[in-house]
Amino acid sequence: MPAIVLIGAQWGDEGKGKATDLLGDRIQWVVRYQGGNNAGHTVVLPDGQSFALHLIPSGILSPGVTNVIGNGVVVDPGVLLEELAGLEERGVDTARLLISSDAHLIMPYHVAIDKVTERYLGKSKIGTTGRGIGPAYQDKVSRVGVRVQDLLDEKILRQKVEAALEFKNQLLVKVYNRKAMDAEQVVDGMLEHASAFAHRIADTRLLLNQALDRGENVLLEGSQGTLLDVDHGTYPFVTSSNPTSGGACAGSGIGPTRITTVIGILKAYTTRVGSGPFPSELHDDMGELLRKTGGEFGVTTGRSRRTGWFDAVIARYAARVNGITDYFLTKLDVLSGHEKVPVCVAYEVDGERVDEMPMTQTDVHHAVPVYEELPGWFEDISHCRTFEELPANARAYVEHLEQISGARMSAIGVGPGREQTIVRHDMTGA
Ligand code: GDP
Ligand code: IMO
Ligand code: MG
């Protein structure tokens, strides 16, 4: 199994952290390739300890795995150090964490601009995590970004920050009525942080390709999800990077011919945080029940997640744009206790049935879900470890989803713990 990509198939929070952790003993490298500390990945270890990871790859909890923050990630140095300190305090060995010299930095002005822009947008806001993600990627694409390697050259760092603030301060003061930022203070703060992690800065694309040449296994861990992808998601209600599998190559420096497997993480129902269309959303007591039973509150911002039934149009779309080879269906246990479980199998747009994701965003906004109702089950399934142990209706639910979602359901999550997983097919080929 050379390189495996693991991605979120919906709007994030599908259980990617748990899935990465589960594969931890069979891989040598885990790489984050996009996003930043907008992510919140929960990992529950066999001893019951729960960890919330934001910027650091979930592989940090697997001894022996080398973790890489790839070139496609945006790094807030203060957050990085805080997260490292939090892990170290709990006894986690963080020695095996490397950071690409080409990753871009989230600067204090990015965080300030993210927050004021959202406030300025009012009702049309995206509902970002306010972590400076969008403004940092804007600077990257505008070619005025500051990279991790700039921390190693104080003169360049000063020049870049001064040049950036010349414009950003005008924006902060004249448009948003905020205080200007002092270039010297920003640079000094960055240099102080840098001294604590300079030894981790590396040419990670070289190291990863060398590892693959030696036959080692690399897992590329996506953050967010397919529908939050800046190209393939529900634009403009998306994040500013490419969580889809294509982004894994650009964000790590690994070529597409190395990737043999794409694992899609898919919740047995649907959730979303922030604004934007969500065809199968439930606004009633059932939505509230899913939120409560599933513990659907954001790991990063603590916001309530919007909830809805499973949407097969989205699953088929995710299978298509990511080239998903295997699905990991999570949180099936949350669906216990219903007489019937509706599944959205298609949409109706302006009176016409559509089976695939509509071409325009207007149609996505107008999409009305077409439901099929499947018989439910009442048993607690959190102790099931084989597919055969599941109640017949839960098995039928999974098999039906498999038929309409575009890829086989190779693993099923029946609880947050590492061991609360049913493996039907080996997803790794290892
Ligand atoms: P990520 O961002 O994709 O890593 O997902 P989050 O960690 O934000 O949200 C997923 C939540 O579901 C976490 O609290 C996990 O511990 C939990 N979880 C993952 N898989 C399962 C499962 O199969 N069943 C249950 N009940 N919880 C799960
Ligand atoms: P994980 O990795 C769910 C959402 C935000 C907002 C939009 C843009 O835990 O699945 P941003 O701060 O990225 O500019 O916000 O994206 N968002 C997420 N939603 N899970 C995440 O990460 C998310 N990261 C960003 O809520 O709607
Ligand atoms: Mg999350």
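Suppose we keep just the DSSP beta bridges with both residues in the chain; what percent of those would be antiparallel, to 5? Before the final figure, lay out the partial values.
Details: 24 of 61 bridges.
Once the DSSP bridges in the chain are tallied, antiparallel ones form about 40 percent.
For the chain, with only Lys/Arg (+1) and Asp/Glu (-1) charged at the beta-carbon, what is the dipole magnitude about the Cα centre, in debye rounded to 20?
Working: 42 positive and 55 negative charges, 184 e Å.
Around 880 debye, computed over the chain.
Which of PHE197, GLY59, TYR317 sits farthest toward the positive end of the charge dipole of the chain, with +1 on the Cβ of Lys and Arg and -1 on the Cβ of Asp and Glu?
Final value for the positive-end residue is PHE197.
Kindly state, as a whole number, the per residue volume in cubic angstrom of the convex hull around the alpha carbon atoms of the chain. Show your work: numbers first, answer last.
Working: hull volume 58.6 nm³, N = 430.
Taking the convex hull of the Cα positions in the chain, it is 136 Å³ per residue.
Which FRET efficiency, nearest 0.05, do ARG320 and GLU379 yield, Cβ-Cβ r, R0 30 Å? Kindly include the intermediate steps, with their values, before the conclusion.
Values: r = 34 Å, r/R0 = 1.13.
Using R0 = 30 Å, I get an efficiency of 0.30.
What's the local net charge at ASN217, with K and R +1, D and E -1, over the other residues with C-beta under 12 Å away? Intermediate results must be reported in sequence, preceding the final value.
Values: positive: ARG26, ARG214, ARG258; negative: ASP25, GLU216.
Local charge sum for ASN217: +1.
Could you work out how much longer the chain between HIS199 and GLN49 gets when fully extended? Use 0.36 nm per residue separation minus the Cα distance between them, nm to one decimal. Walk me through the intermediate numbers first.
On the way: separation 150, 0.36 × 150 = 54.00 nm, distance 2.90 nm.
Here the segment from HIS199 to GLN49 would lengthen by 51.1 nm.
Given +1 on the Cβ of Lys and Arg, -1 on the Cβ of Asp and Glu, and no further charges, what dipole in debye does region 127-222 carry about its Cα centre, rounded to the nearest 20?
Details: 14 positive and 14 negative charges, 84 e Å.
So the magnitude is around 400 debye.
Would you mind ranking ASP326, ASP93, ASP363, ASP21 by Cβ crowding within 10 Å, fewest neighbours first?
Numbers: ASP326 20, ASP93 12, ASP363 16, ASP21 27.
With the sparsest Cβ surroundings first, the list reads ASP93, ASP363, ASP326, ASP21.
Over all pairs of distinct alpha carbons, what does the Kirkwood formula give as the hydrodynamic radius of region 256-307, in Å? Numbers along the way, then the final one.
Working: mean 1/r = 0.0781 Å⁻¹.
In region 256-307 this quantity evaluates to 12.8 Å.
Which is the longest part of the chain that has none of the trypsin sites (Lys or Arg not before Pro) sitting in a DSSP loop with at most 10 other Cβ atoms within 10 Å?
215-430
Just subtract the alpha-carbon distance of THR257 and THR362 from 0.36 nm times their residue separation and send over the number in nm, one decimal. Walk me through the numbers before you get to the answer.
On the way: separation 105, 0.36 × 105 = 37.80 nm, distance 3.61 nm.
Here the segment from THR257 to THR362 would lengthen by 34.2 nm.
So for the pair ASP284, ALA396, with labels modelled 7 Å out along Cα→Cβ, what separation do we get in nm?
Simple spin-label model gives 2.2 nm for this pair.
Hey, what do the phi angles of region 229-243 turn into as Karplus ³J(HN,Hα) couplings, whole Hz, using 6.51/-1.76/1.60 and θ = phi - 60°, x for Gly and Pro?
In residue order, the calculated couplings are 5, 5, 9, 9, x, 7, 4, x, 8, 9, 8, 9, 9, 10, x Hz.
Taking the Cβ of each residue in VAL187, VAL68 as the centre, tally the other Cβ atoms inside 10 Å and list the residues starting with the fewest. The partial results should precede the final answer.
Values: VAL187 21, VAL68 32.
Arranged by neighbour count, lowest to highest, VAL187, VAL68 become VAL187, VAL68.
For region 84-217, what mean projected area does the convex hull of the alpha carbons give, in nm²? Provide the component values of the computation, followed by the final result.
On the way: hull surface 43.1 nm².
Convex hull of Cα atoms, orientation-averaged projection: 10.8 nm².
Considering only C-alpha atoms, what is the centroid distance from region 60-112 to region 194-263, in Å?
15 Å
If each DSSP helix of 4+ residues adds -39,500 (n - 2.57) and the sum is divided by the residues in the chain, what number results at 222 nm, nearest 500 deg cm²/dmol? It would help to have the intermediate numbers written out before the result.
Numbers: 12 runs with 134 residues, N = 430.
Helices in the chain give a 222 nm mean residue ellipticity of -9500 deg cm²/dmol.
Tell me the Rg and the Dmax, in Å, that the Cα atoms of region 195-243 produce.
My reading of the Cα-based Rg and Dmax gives 15.7, 41 Å.
Suppose every Lys and Arg Cβ carries +1 and every Asp and Glu Cβ carries -1, with no other charges. What dipole size does region 185-309 come out with about its Cα centre, to the nearest 20 debye?
Working: 11 positive and 13 negative charges, 37 e Å.
It comes to approximately 180 debye.
Rounded, prolate or oblate: pick one for region 218-353, where a ≥ b ≥ c are the square roots of the eigenvalues of its C-alpha gyration tensor, a/c under 1.5 means rounded, and failing that, prolate if a/b is larger than b/c, else oblate.
On the way: a/c = 1.69, a/b = 1.59, b/c = 1.07.
Judged from the Cα gyration tensor, region 218-353 comes out prolate (a/c at least 1.5, a/b above b/c).
Specify whether the C-alpha gyration tensor of region 1-112 places it in the rounded, prolate or oblate class, a ≥ b ≥ c being the square roots of the eigenvalues: rounded for a/c under 1.5, otherwise prolate if a/b is larger than b/c and oblate if not.
rounded
What's the center-to-center distance, using Cα atoms, between region 278-335 and region 353-414 in Å?
Spelled out, the Cα-based centre of one part sits 11 Å from the other.
State, to one decimal in nm², a quarter of the convex hull surface area for the C-alpha atoms of region 283-338, i.e. the direction-averaged projected area.
Details: hull surface 20.2 nm².
Orientation-averaged projected area of the Cα hull: 5.1 nm².
Taking neighbour counts of Cβ atoms within 10 Å as a proxy for exposure, in what order, fewest first, do MET107, MET359, MET427, MET286 appear? Before the final figure, lay out the partial values.
Values: MET107 28, MET359 9, MET427 24, MET286 14.
Going from least to most buried by this count: MET359, MET286, MET427, MET107.
Report, by chain and number, residues whose modeled amide H sits under 5 Å from the one on GLU348, excluding near sequence neighbours (fewer than 5 apart, same chain).
Result for GLU348 returns VAL354, VAL368, VAL370.
Whole percent per 10 Å bin, from 0 to the bin with the longest distance: what is P(r) over all C-alpha pairs of region 148-245?
Distribution as computed: 13, 21, 29, 30, 5, 1 percent.
What FRET efficiency, computed as 1/(1 + (r/R0)^6) with R0 = 22 Å and r the Cβ-Cβ distance, is obtained for VAL175 and ASP231, rounded to the nearest 0.05? Mind showing how you got there, number by number?
Numbers: r = 28 Å, r/R0 = 1.28.
Efficiency at R0 = 22 Å is approximately 0.20.
If a paramagnetic tag sat 7 Å from the Cα of GLU184 along the Cα-Cβ line, which residues of region 130-172 would have the backbone N under 15 Å from that point?
Only 158-159, 162 fall inside the zone, counting backbone N under 15 Å.
Values quoted throughout were computed directly from the atomic coordinates according to the rules given, and no laboratory measurement underlies them. No experiment lies behind these values; they were computed from the predicted model shown. Every residue, glycine among them, receives a Cβ derived from its backbone with ideal geometry; neighbour counts consider all protein chains shown.
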